[in-house]
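The values are calculated or read from the model by the stated rules, or taken from the named source; none is laboratory data. Predicted model only: the values in this text are computed from it and were never measured. When we count neighbours, we look across all protein chains shown, and the Cβ atoms used for this are built from the backbone with ideal geometry, even at glycine. Ligands, DNA and RNA are stripped out before the accessible areas are found, and what is left, the full protein with its side chains, is counted by its heavy atoms. Shrake-Rupley method; radii C 1.70, N 1.55, O 1.52, S 1.80 Å.
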Amino acid sequence: MKTAQAWRLGMKDMQILPPPRHRSHLKKPTWIIILVSLVSLFLVCAYVYPPQNSTACYVFSSHGCKALQNWLPPAPSRDLTDDEIASRVIIRDILDTPRAIPKTPKIAFMFLIPGALPFEKLWDIFFQGHEGKFSVYVHASKEKPVHFSRYFFNREIRSEKVVWGKISMVDAERRLLANALKDPDNQHFVLLSDSCIPLRDFDYVYNYLMYTNVSFVDSFEDPGPHGSGRYSDRMLPEVEKKDFRKGAQWFTMKRQHAIIIVADSLYYTKFRIYCKPGMDGRNCYSDEHYLPTFFHILDPIGIANWSVTHVDWSEGKWHPKSYRSQDVTYELMRNITSIVDSVHVTSDLRREIQIRPCLWNGNQRPCYLFARKFLPETLDNLIAIFSNYTSI
């Protein structure tokens, strides 16, 4: 008893020290919380207020705006109409169906002209020796041309009157495509005017177009009066202003794209009714907006967003520069064929210059295979230097 009591008294006199303090490993470092919060805020802002120029896009990704758009979650969208759903199902099925490649695929060269074809001799030289790799279709809207080249004999299709700036221009394009699609060997389709000339030899053009993974349809966003300023909200709900695009009408396209253009009724009708001169006090030209907008909505990654047909707008007029005989030199042709960047200029007060590299299957290549507008008087000079400038 005494021993137990003494032990208890001794314990009262002892100072019991708390266990040594150790740094907690569970406490979250403040700097990590701040860093994560800032990054989250940064990404939320990028989603709500996406970059409006290509330079800003490279802050987020070395691959630019498309990579950013693919990475971020899709923005909430409206419910599609029954017609839109039906149209998109059919179009997606056509685009996803594997192509049956013929033994010798051909390029369809489609000439949209009023009457005479002043550069028929030049095209005859271009086609010589490549029979079986191309076909020719001519839509002459005013008078039947007189041909001398065997490649153009009996190649006219049923044609209708074409008025510049009106839907009849798009109708003629679709008519050419429909006739060219009747030949299953035609796998790529090129739209050309009477003032177009080839910039390269046939083999170069054939390989450039036949082995590409896109259609060369020009399309860019122009917020100015000659771009989105032509939009009519009567196109809603199928065509929204944010999707309205502009581009040159001179395209080349793959067979699947040609099929969906000919088959389209929904979007074509919107442009036929609501994109025309004098619509709501605006001058809307369907040949400059229908295809660029159509592909931007339905297959934006399937087009190059630039045209392989060169034209010079440097004079700042309503129409591009016309080349006269004294302009046609080896130096001019070399300058055109050496261009490797596509340039668009907006029509608003900022006059923003949009420059993009011309990418062929991911690799930068010269942009142009054809050029316009060359006057008939340039024919002899072009023939004289054709073999030189097409081999640059």
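Things worth noting here:
- Scalar couplings 3J(HN,Hα) for segment 96-108, obtained by applying the Karplus form with A = 6.51, B = -1.76, C = 1.60 to θ = phi - 60°, are 8, 6, x, 6, 8, 7, x, 4, 10, x, 10, 9, 8 Hz; x denotes Gly and Pro.
- Computed on the Cα trace of segment 172-284, the radius of gyration divided by the Kirkwood hydrodynamic radius gives Rg/Rh = 1.01.
- Summarising the amide proton neighbourhood of residue 108: residues at separation of 5 or more, or on other chains, whose placed amide H is nearer than 5 Å comprise 135, 187, 188, 189, 190.
- Residues with amide H under 5 Å from that of residue 283, placed H, sequence gap 5 or more: 278
- For segment 175-252 versus segment 253-285, the spacing of their alpha-carbon centroids is 12 Å.
- Accessible-area order (highest first, 1.4 angstrom probe) of the listed residues 279, 110: 279, 110
- Separation of the alpha carbons by more than 26 angstrom is noted, of 161/270; 166/321; 270/317; 182/241; 144/270; 106/166, for 270/317; 182/241; 144/270; 106/166.
- Peptide packing for 286-292, 245-251, 312-318, 151-157 was compared via the average number of neighbouring C-beta atoms within 10 Å per residue; ordered from the highest value, the list is 286-292, 245-251, 151-157, 312-318.
- Listed values for segment 120-135 are Karplus-derived 3J(HN,Hα) couplings in whole Hz (6.51 cos²θ - 1.76 cosθ + 1.60, θ = phi - 60°), namely 4, 4, 5, 5, 4, 5, 4, 7, 4, x, 10, 4, x, 10, 8, 9, and x replaces Gly and Pro.
- Translational diffusion of segment 225-341 was estimated from the Stokes-Einstein equation, with Rh taken as the Kirkwood radius over Cα pairs; at 20 °C and 1.002 mPa s the coefficient is 132 µm²/s.
- Partners of residue 276 within straight-line reach, counting aspartates and glutamates whose Cα lies under 13 Å from its Cα and excluding those fewer than 8 residues away in the same chain: 287, 288.
- Cross-link partners of residue 142 among aspartates and glutamates (Cα-Cα below 16 Å; sequence separation of 8 or more within a chain): 156, 160, 171, 173, 194
- Those aspartates and glutamates that a straight Cα-Cα span of less than 12 Å connects to residue 121, excepting residues fewer than 8 apart in one chain: 380
- Surface exposure of segment 195-310, expressed per residue as accessible area with a 1.4 Å probe, stands at 32 Å².
- Near the amide H of residue 360, within less than 5 Å, lie the amide hydrogens of 365, all on another chain or at least 5 residues away, with H placed in the peptide plane.
- Listed values for segment 215-220 are Karplus-derived 3J(HN,Hα) couplings in whole Hz (6.51 cos²θ - 1.76 cosθ + 1.60, θ = phi - 60°), namely 9, 9, 10, 6, 7, 8, and x replaces Gly and Pro.
- Square roots of five times the Cα gyration tensor eigenvalues for segment 212-259, Å: 24, 14, 8
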